[in-house]
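The values are calculated or read from the model by the stated rules, or taken from the named source; none is laboratory data. Just so it is clear, the structure is predicted and the values come from calculations on it, not from any experiment. Every residue, glycine among them, receives a Cβ derived from its backbone with ideal geometry; neighbour counts consider all protein chains shown. Protein only, heavy atoms only, side chains kept; ligands, DNA and RNA dropped before computing areas. Shrake-Rupley method; radii C 1.70, N 1.55, O 1.52, S 1.80 Å.
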Amino acid sequence: MSLEWIIRILSENWPMFLRGAGITLLISITGTLIGSAIGLIIGVIRTIPSPERGLKRILLKVVNGILGFYIEFFRGTPMIVQAMVIYYGSALAFDIHMNKLFAAIFIVSINTGAYMSEIVRGGIISIDKGQFEAAHAIGMNHFQTMFNVVLPQVIRNILPATGNEFVINIKDTSVLNVIAVTELYFQTKSIAGNNFRYFESFLVACVIYFIMTFTVTRILRYIERRMDGPESYIMNQMQVETPEDMLRRTQNNK
């Protein structure tokens, strides 16, 4: 390894490294946000109480079956294979030629959605059942209960897992080079192919990946602390008037 070569590679190719890192962040941020939205929707649907009988029960079973297949398929196959099947398969089978960047975001989004749906479902199940019963007792239906009572708590609880998915997506965008997406790994491979200094080139890429993931982790932990509120606070409690207080108040009013 030569420090001189590392400096030379950075000075000559920093625009390509910067462009690749930007595409990587764009894909991972957009894919994580869309995937989280997909996961929230699926998580809510899969926790709908099943009716005892009737058409609604059959319809819910069909929907859950489809969603279950989607989750198992995308959790059980590698993203690199999904990218090949979706991008090249759609062109060969249906003559659909997708934009590479759009295809990358689409692949990351649906892959993240499969993982996030189970994370959300676990977060919903972890909420005390008494809160569901109390919400239903005051006339809320399932979706009102979810959006007004349950999901605000679930979002905070699953934030660490969501951050973990974001970090994974930053790293996993490297597999999208198989469909020629010009993210950081693709750009680094091109740089290394020009100068034949593979170790130094990919060492630079390694440092850039670390900086991105480390920064994202620190930002997410800061958001978690902000959502938790101050570490020391006094909870407002309902004051119960004792008999002595009642007697004293009565005497003062005379």
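General observations
- Gain in span if fully extended, R8 to Q144, counting 0.36 nm per residue against the direct Cα distance: 43.1 nm
- Normalised per residue, the accessible area of the chain is 62 Å², obtained with a 1.4 Å probe and no contribution from ligands, DNA or RNA.
- Computed extension length for M227-I66: 54.5 nm, one decimal, from 0.36 nm per residue of separation with the Cα-Cα distance subtracted.
- Identified option (computed Kirkwood radius over Cα pairs in Å; candidates [x] 19.0; [y] 22.0; [z] 19.8): [y]
- Here r is the Cβ-Cβ distance between F94 and R156 and R0 is 41 Å; the resulting FRET efficiency, rounded to 0.05, is 0.50.
- Measuring only protein heavy atoms, the 1.4 Å probe finds Y88 accessible over about 90 Å².
- The solvent-accessible area of S190, taken with every protein chain present and a 1.4 Å probe, is close to 40 Å².
- Using alpha-carbon coordinates, inclination of helix 184-195 to the longest axis of the chain, degrees: 20 degrees
- Magnitude of the charge dipole, the chain, Cβ model with Lys/Arg +1 and Asp/Glu -1, debye to 20: 320 debye
- Largest accessible area first, the residues D172, D228 order themselves as D228, D172 under a 1.4 Å probe with ligands, DNA and RNA left out.
- Computed E for R19/T217 - FRET, C-beta separation, R0 25 angstrom, nearest 0.05: 0.60
- Convex hull of Cα atoms in the stretch 116-203, direction-averaged projection (nm²): 7.9 nm²
- Taking all protein chains together and a 1.4 Å probe, the residues W14, W5 rank W14, W5 from largest to smallest accessible area.
- Karplus-derived 3J(HN,Hα) values for the stretch 52-62, using 6.51 cos²θ - 1.76 cosθ + 1.60 with θ = phi - 60°, are 5, 7, x, 5, 4, 5, 5, 4, 5, 5, 5 Hz; glycine and proline are entered as x.
- Computed with a 1.4 Å probe on the full set of protein chains, the accessible area for M227 sits at about 100 Å².
- For the chain, the fraction of 1.4 Å probe accessible surface lying on carbon and sulfur atoms is 65 percent.
- Charge dipole (the chain, unit charges on Cβ, about Cα centre) - positive-most of F132, P51, G68: P51
- Cα pair distances of the stretch 5-117 binned at 10 Å [whole percent]: 13, 30, 28, 18, 7, 3, 1, 0
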